[in-house]
Structures are given as C-alpha cells and as structure tokens.
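Contents: one structure, followed by commentary.
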Amino acid sequence: MKAGQTGKDKDASVTIGEPMANHTSVRIGGRAEIFARPVNADALSRLLECASGIPVFFVGGGTNLLITDEDIKALVISTVDMRGIELRETQGNGAALSVSAGEPLRKVLAFCMNNGLSGLEPLAGIPGTIGGAVAGNAGAHGLQIGDLVSRALIADSAGKVKTVVKEDMGFKYRRSSVSGLILQVDLALEKGKKPEEIKELMQRNFEMKKKTQPLAARSAGCVFKNPEGQKNSAGRLIDAAGLKGRRVGDIEVSGMHANFFINTGKGSAADFLELMDKVRDEVKKRSGVVLEPEIRVISNVNN
Ligand SMILES: Cc1cc2nc3c(=O)[nH]c(=O)nc-3n(C[C@H](O)[C@H](O)[C@H](O)COP(=O)(O)OP(=O)(O)OC[C@H]3O[C@@H](n4cnc5c(N)ncnc54)[C@H](O)[C@@H]3O)c2cc1C
C-alpha cells in the first residue's frame, strides 16, 4: 500500500491528511492524520497490525458523527469499501442475509425489496452503513436493527476476527456493547411478501420521515437521545423550550425538527458543541430533563 492509492483493485486506499468534513453528513471535521479504506478483513487486519500503539477510529457513513475541528492524531478506518450482500440460507419463511459493514443501509433495503425479504422496512430513509447502524442500534417506527441481527463478525483492535452472537452484542436504545470493528452482519429476515408490498411499506415509512425530518440538510441526525421514562421526545422538549432556530455561528436548531442541528454554511464542531451545551442547559432549566447525546463526538481528548 502507498499513501494516496485509490485504485479499486487495491486491498486498501490510504490517504495522509484526509479532511474528515468530506466523510460526515454534517460536513464538519479536521484532517485525519492517516485515513484508510480497507476492502476486506485481511486488509483491515494488516492495517491494524501496522497501527499497533496508534489510536484508531472507525467511520461508516459518518451520519451520526461530530468530529473535532482539529487534526485527528489517529488512524481513521472507513468501512465504505467493505461491500457485499449475500442471501445465505433459507428455511421455511425465514431468510438469512449476510451483509458487509460498509454496505449502505439503503442498498440493503433495495436488495430486500427486490428479493421479497421483509423486516427492515421501518428503517427506510436512515442514511449510513449497516455496520454503523448495528454499532449504534439504529431504529425507527418501533424497530431497532438489533432486533433482526443474529450474529456478526467482529475484528478486535489487533485485527483478530471472531463471531459474536446477538445475545453478546448488548443492544440497548441507540447503543450496542460491541467493541472493535463490525466486519459483517447476519440478519434474520422473512420471506413471503411480494416486492410491491415491501416497496409500499418502505415508501410509506420514508414519506413519513421526509415530512418530519430535514433529510436534505447537513446534519448528523438526532443530536440527543429521547429521554427514558419521559412522555416527551428530545425534539419536543427542545421545541417547548423555544429553541427552534437558535444558532451558534452557522449551526442552527432545525425549524422542522428541533433535535436536528443544521450546518447552514461553514459551521464548526466548536459551534455545534456550544449549541449542544446551550440547548441542554435551557431544556434542563425549563423541564428538569437532562438530555444525553445520541451523536458520537470524536476528538483527540477522547483517545
Ligand atoms: C438525516 C438523518 C436521519 C437519520 N435518521 C435516523 C433514524 O431514524 N434512526 C436512527 O437510529 N438514526 C438516524 N440517523 C443517524 C444515523 O444515520 C444512524 O445512526 C446510522 O445508522 C449511522 O451509520 P453510519 O454508518 O453513518 O455510522 P457513523 O456515523 O460512521 O458512525 C457512528 C458510530 O458507529 C461506529 N461505527 C461505524 N461503523 C462501524 C463498524 N463497522 N463497526 C464498529 N463501529 C462502527 C463509529 O465509530 C461511530 O462511533 C439519521 C441521520 C441523518 C443524517
């Protein structure tokens, strides 16, 4: 491997000083000292061997991430070139789908629709990769992706690969206990529905999402988790505190959905974090609820 290699026939492309703003949906982030896109587990293992002692971060679609404005003194590994979807085995009405980490969730849904596999329809419209979705137990309309995971292949920090079953993945609301890089995920789905029925369900869920969330804007999805045991969602609490439209620099609380912060121009991670603090303080003052971040914040301090 050489720095700057980007050819599709290579095991990995490696770039020095890659701007992470190009790899996050909110378009924020300093440069990664080393940025690598391995295409398979073998390439990943070799990268991790070379990186022994260096901090390592994993990035999928970058749709739930806020990355510091400073340069990141780490090896950032992106999964976006780890691709592949395979319908492995089918018994009765069940179907097992094996998906590589970097496969976009939208492509997995399209595969399911074309092959008459149901289960994932509620997740229509969630951006990012399958690996990121499983790591954060992404969900919508009452389904969390962990509900459908049967097992996963995971590489530890030394690049050693093992199979982990669902029961050991610690799925909770927008969290899993997985440490290491998810390489491949097995999903337990159902056969039997017609592609048109599946398509209709996906479209209905997507339309609902489009009406309530600023999907086309530069955001990192929901900033805060919905507080447990509260009847109000984080978005409603922020709205009730009169914070829609509140800004720090170019970062603004969305007028469409108050739990989305939009980068309206040249917003920075510092502005984003300051707005998070202001919103958290104001919501606590108004409702007594302390909001917890849903987005993952990556900074050198966290290493
Ligand atoms: C417009 C919009 C709408 C959204 N709607 C929803 C929604 O309805 N429901 C919902 O749950 N989320 C939603 N999100 C948030 C986000 O899309 C999901 O959380 C998504 O599943 C994250 O996947 P990703 O590949 O982008 O992960 P990233 O943002 O790249 O990473 C998120 C975290 O997962 C880790 N990670 C990524 N890949 C791997 C891997 N292979 N192995 C181990 N760890 C990994 C990263 O290190 C990081 O900690 C939305 C985001 C946007 C921008």
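The values are calculated or read from the model by the stated rules, or taken from the named source; none is laboratory data. Since the model is a prediction, treat every value here as computed from it, not as a measurement. As a convention, Cβ positions derive from the backbone with ideal geometry for all residues, glycine included, and neighbour counts pool all protein chains shown.
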Out of the residues in the range 130-153 meeting the condition of being within 9 Å of the ligand (Cβ to nearest atom) and in a helix (DSSP H, G or I), tell me which one is farthest from V39 (Cα to Cα). I145
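Identify all residues within the range 92-114 that are assigned to a loop (DSSP other than H, G, I, E, B), touching a helix residue (DSSP H, G or I) at 6+ places or on another chain (Cβ under 8 Å) and in contact (Cβ under 8 Å) with a residue 60 or more places away in the chain; write none if there are none. Before the answer, list the steps.
Here is the first cut: in the range 92-114, the ones assigned to a loop (DSSP other than H, G, I, E, B) are 92-93, 101-103.
Right, trim to touching a helix residue (DSSP H, G or I) at 6+ places or on another chain (Cβ under 8 Å) and you get 101-103.
Selection gives A101 alone.
Has the range 258-271 got at least one residue that is more than 22 Å from the chain's Cα centre (by Cα), in a loop (DSSP other than H, G, I, E, B) and surrounded by fewer than 18 Cβ atoms within 10 Å (Cβ to Cβ)? Full working, then the answer.
Taking the range 258-271 first, the residues more than 22 Å from the chain's Cα centre (by Cα) are 265-266.
If we keep only those that are in a loop (DSSP other than H, G, I, E, B) too, we end up with 265-266.
With the extra rule that they be surrounded by fewer than 18 Cβ atoms within 10 Å (Cβ to Cβ), the set shrinks to 265-266.
Looking through the range 258-271, at least one residue is more than 22 Å from the chain's Cα centre (by Cα), in a loop (DSSP other than H, G, I, E, B) and surrounded by fewer than 18 Cβ atoms within 10 Å (Cβ to Cβ).
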Any chance you could count how many residues in the range 92-117 are among the aliphatic types (A, V, I, L, M), within 20 Å of L181 (Cβ to Cβ) and more than 9 Å from the ligand (Cβ to nearest atom)? 3
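Within the range 34-41, identify whether any single residue is without any contact (Cβ under 8 Å) to a residue 40 or more places away in the chain and either in a helix (DSSP H, G or I) or not small (G, A, S) (or both), and answer yes or no. I'd like the intermediate steps shown before the answer.
Just the residues of the range 34-41 that are without any contact (Cβ under 8 Å) to a residue 40 or more places away in the chain, to begin with: none.
Within the range 34-41, not a single residue is without any contact (Cβ under 8 Å) to a residue 40 or more places away in the chain and either in a helix (DSSP H, G or I) or not small (G, A, S) (or both).
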Among the residues of the range 204-257, how many are more than 14 Å from the ligand (Cβ to nearest atom), in a loop (DSSP other than H, G, I, E, B) and without any contact (Cβ under 8 Å) to a residue 60 or more places away in the chain? 14
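Kindly indicate whether E167 is surrounded by fewer than 19 Cβ atoms within 10 Å (Cβ to Cβ) and in the same structural domain as I198 (by TED's automatic domain parsing). Walk me through how you get there before you give the answer.
Numbers: surrounded by fewer than 19 Cβ atoms within 10 Å (Cβ to Cβ): yes; in the same structural domain as I198 (by TED's automatic domain parsing): yes.
Yes.
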Within the range 165-203, tally of residues that are in a loop (DSSP other than H, G, I, E, B) and either at pLDDT 95 or above or near the ligand (Cβ under 10 Å from one of its atoms) (or both): 10
Could you say whether any residue in the range 118-129 is surrounded by fewer than 21 Cβ atoms within 10 Å (Cβ to Cβ), at negative phi, within 12 Å of the ligand (Cβ to nearest atom) and not in a helix (DSSP H, G or I)? yes
Is there a residue being more than 20 Å from the chain's Cα centre (by Cα) and over 19 Å from A158 (Cα atoms) anywhere in the range 33-52? yes
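Can you name the residue in the range 86-112 that is among the acidic types (D, E) and surrounded by fewer than 17 Cβ atoms within 10 Å (Cβ to Cβ) and is also nearest to I154 (Cα to Cα) among such residues?
First pass over the range 86-112, keeping only residues among the acidic types (D, E): 86, 89, 103.
Going one step further and asking which of them are surrounded by fewer than 17 Cβ atoms within 10 Å (Cβ to Cβ), we end up with 86, 89.
Values: E86: 18, E89: 21 Å.
Checked the range 86-112; the qualifying residue nearest to I154 (Cα to Cα) is E86.
From the list E70, E49, E89, which one is farther than 27 Å from Q203 by Cβ, acidic (D, E) and assigned to a strand (DSSP E or B)? Let's see the steps before the verdict.
Details: E70 fails: assigned to a strand (DSSP E or B); E49 fails: assigned to a strand (DSSP E or B).
Going through E70, E49, E89 in turn, just one is farther than 27 Å from Q203 by Cβ, acidic (D, E) and assigned to a strand (DSSP E or B): E89.
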